[in-house]
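Q: Take this structure, written in C-alpha cells, and hold onto it; I'll ask about it next.
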Amino acid sequence: MTSTLEDLRMINARCIHCRACQYAYSGEPDREGQTEEYTGMIQGCPAGLYYGWEGYFNSGKQWIARAFLNNEIKPSKELLEVVEACTTCGNCETQCENRIDTVSVTEALRAAIIEAGIEPLAKHKKFGEMVGNDLLRNPYNEPREKRTDWFAGAKDRKDVKVAYFVGCTGAYRQQHIAKHTASLLKKLGIDFTVLTSEVCCGSPMLRTGQKAIFEDVMRKNIELFKNYETVVFSCAGCFKTFRNDYPRISGKPLPFKVQHTMELVRDNIRSGKLKITKPYSKTVTWHDPCHSIRHVGIAIEKDILSRSNNWLTDARTAEKAKEAWFELPREVMKAIPALQLKEMYRVKGDSFCCGAGGGVKAQFPDMALATAKERLKEAASTGAQVLLTSCPFCVTNLSDGIKALKEEEALSHKKLPGSDLEVVELLQLLDQLI
Ligand code: SF4
Ligand code: SF4
C-alpha cells in the first residue's frame, strides 16, 4: 500500500528538482506542432501556467512535500490552498524521468495537511459532507433515491454478469451520457444492470485529501459490486478511481474486472462483430481525458515495471503497452467512416488537461476556466470543427470554456480561437452512429 505521505517518502526523495515536469514533450523538444505557438518545449502544467509561481508546479509541490515530511514547513490553510490548486492531471508524472508518482504524492500531501488539523477548503468540505451523507452520497446535493431515475431498464439484477457503474455526474448532471452508454451496451449485446445503491466512487474525496470519506465509499462500492464479473464505466474519473486507486489504497486486488465502455467498443470492432456504417463527415480533434487515458496508461507501464526483474528489457515492453492504451480511442475513431482526425500538439501522455479535475472546478473556478480556454485554443489550432472527448467532466468544463469565450467575444467584438468548436462525447456519438 502506498497511500500516506510517509509511505511515499522514498519515492518523493528521488526528486532532484530538475523541473522537467513543468513541460510537455521534454523527450521530444523538436516535435512539430500545428502552429508556431504549439511547437517545441512548451509548458504543460495547468497550475503552474495559471499561477506562474514555482510552488504551484509539481517540482515545487514535491519540495513542499519533502519539507512537510521533514517538519521544515508547518500545516496551514495557505499551504493547503497552494497544493489544492492542481488538477491532478498527471502531465508532470509522464515527464518525470525518475518515475516519481507525482499525483499520489500531491494527494497524500493534501491528506497529511488535513490530518494535521487544517480544515478542507470550503467547497471541498461541502462536497465531502454531501458524499458522507447517507441520504445523498453524491457531491451534487441530489437525493440518493433519484440516482438511477434516468434508467428505464431493470435495476439491481442479480442474474447478469455485468454491472454499469454510472457515477454521480452521469447520474445527475450529464444523464444523456449515461443514457447513450446504456443504449450502446445494449447494442453491443451486453446484458447488464445498474444498481440503485451505487454511491460516489470517492474520486473527489481522494483527490482533495479527504481520505476517511473516500475509504468509506470505496468499501461500500467494492462490497456492492463484488458479485458481478465485470463492472463497466463511462466516466473517466470513476474508471481510474476503481482501476488504479481502489487496489492501491485497499491493498487488495478488486474482486471484479473493470472495463471502460470504449474498450468494449474497440474489442467488438477488432473482432469484426461491430462495423460502423453511418459516416461522420466532420474534422475532429481529440482531447485525451487525463483520468482514463494518461493515468491508466501510466499505471499499465508501472505495473509491468513493478513486476520486472530486468528493466533494460522490460522498459520497452512497458512503454509499448502504455502506447497501445493511448491508441484505444484513436482506433475507435479510425473505424468511423468519413471522420477526419487532426491531432493537437499535446496528446496522449503529454495531453493538456481540460482544467476540471482534482477539486479545481469547484474551488478554483477561474483556473478551471482559464485551463479549458487554453485547451480550446490548442484544439482550434488544428482547424477542427469538433472537439471529441470521453469524460462527462471534460465535456462540462470544455463546454463552459466555450460559453466563456462567447461572452468575452460579445464584450470585446473580437473573434477568439476555440469559441466555434462543438464539444461531443465519443460514447454518445458512437451510440448515434451504431
Ligand atoms: S518530479 Fe521528476 S521531473 Fe519533476 S522536478 Fe522532480 S525529478 Fe524532476
Ligand atoms: S498534476 Fe497537473 S496541474 Fe498538478 S502539478 Fe502536475 S502537471 Fe501541474
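Q: Only one residue in 265, 231 is of a type outside the set (S, T, N, Q) and within 25 Å of residue 128 (Cβ to Cβ), so which one is that?
A: 231
Q: Quick check on this structure: which one of 182, 178 is out of contact with any helix residue (DSSP H, G or I) (no Cβ under 6 Å at 6 or more places or on another chain), at negative phi, of a type in the set (Gly, Ala, Ser) and assigned to a helix (DSSP H, G or I)?
A: 182
Q: Let me ask you something else. Based on what the data block shows, is residue 11 of a type in the set (A, V, I, L, M), over 30 Å from residue 382 (Cα atoms) and assigned by TED's automatic domain parsing to the domain that holds residue 111?
A: yes
Q: Scanning for something surrounded by fewer than 24 Cβ atoms within 10 Å (Cβ to Cβ) and basic (Lys, Arg), does the range 87-103 turn up at least one residue?
A: yes
Q: Tell me the residue from 79, 109 that is outside the structural domain of residue 365 (by TED's automatic domain parsing), crowded, with 16+ Cβ neighbours inside 10 Å, within 27 Å of residue 288 (Cα to Cα) and in contact with a helix residue (DSSP H, G or I) (Cβ under 7 Å, 6 or more places away or on another chain), please.
A: Result: 109 is the single residue among 79, 109 that is outside the structural domain of residue 365 (by TED's automatic domain parsing), crowded, with 16+ Cβ neighbours inside 10 Å, within 27 Å of residue 288 (Cα to Cα) and in contact with a helix residue (DSSP H, G or I) (Cβ under 7 Å, 6 or more places away or on another chain).
Q: Sticking with this one: Among the residues of the range 139-175, which ones are of a type in the set (Asp, Glu) and touching a helix residue (DSSP H, G or I) at 6+ places or on another chain (Cβ under 9 Å)?
A: Matches in the range 139-175: 142, 149.
Q: Test each condition in (1) modelled with pLDDT of 95 or more; (2) surrounded by 15 or more Cβ atoms within 10 Å (Cβ to Cβ); (3) part of a helix (DSSP H, G or I) for residue 127 and report the one that comes out false.
A: Unmet condition: (1).
Q: Also: For residue 99, work out the one condition from (1) at pLDDT 95 or above; (2) among the basic types (Lys, Arg); (3) on the phi > 0 side of the Ramachandran plot; (4) not assigned by TED's automatic domain parsing to the domain that holds residue 236 it doesn't fulfil.
A: Every listed condition holds for residue 99 apart from (1).
Q: Go through the range 137-177 and give me each residue that's modelled with pLDDT under 95 and of a type in the set (A, V, I, L, M).
A: Those that are modelled with pLDDT under 95 and of a type in the set (A, V, I, L, M): 152, 154, 177.
Q: While we're here: Going by what's in this entry, would residue 129 be described as farther than 30 Å from residue 315 by Cβ and of a type outside the set (Val, Ile, Thr)?
A: yes
Q: If a residue has to be modelled with pLDDT under 90, within 16 Å of ligand 2 (Cβ to nearest atom) and touching a helix residue (DSSP H, G or I) at 6+ places or on another chain (Cβ under 7 Å) to count, how many in the range 25-44 make the cut?
A: Residues that pass the stated criteria total 2.
Q: Just checking: which of the helices (runs of 4 or more DSSP H) contained wholly in the range 316-434 hold 3 or more residues that are in contact with a Cys (Cβ under 8 Å, 6 or more places away or on another chain), modelled with pLDDT under 95 and of a type outside the set (Phe, Trp, Tyr)?
A: none
Q: While we're here: Report whether or not residue 109 is in a loop (DSSP other than H, G, I, E, B), out of contact with any strand residue (DSSP E or B) (no Cβ under 7 Å at 6 or more places or on another chain), within 16 Å of ligand 1 (Cβ to nearest atom) and under 23 Å from residue 212 (Cα atoms).
A: no
Q: While we're on this one: In the range 27-63, how many residues are over 18 Å from residue 374 (Cα atoms), touching a Leu at 6+ places or on another chain (Cβ under 8 Å) and surrounded by fewer than 21 Cβ atoms within 10 Å (Cβ to Cβ)?
A: So the count comes out to 0.
Q: Go over the candidates 234, 292 one by one and state the one that is touching a residue at least 60 places away in the same chain (Cβ under 8 Å) and closer than 23 Å to residue 155 by Cβ.
A: Criteria check complete, one pass: 234.
Q: Return the residues of the range 84-104 that are near ligand 2 (Cβ under 7 Å from one of its atoms) and touching a strand residue (DSSP E or B) at 6+ places or on another chain (Cβ under 9 Å); say none if nothing qualifies.
A: 91
Q: Separate question: Going through 73, 64 one at a time, which residue ends up being away from ligand 1 (no atom under 16 Å from the Cβ) and outside the structural domain of residue 205 (by TED's automatic domain parsing)?
A: Only one candidate passes the filter, namely 73.
The values are calculated or read from the model by the stated rules, or taken from the named source; none is laboratory data. Keep in mind that this is a model prediction, so the values were computed, not measured. We place every Cβ from the backbone using ideal geometry, glycine too, and count neighbours over all the protein chains shown.
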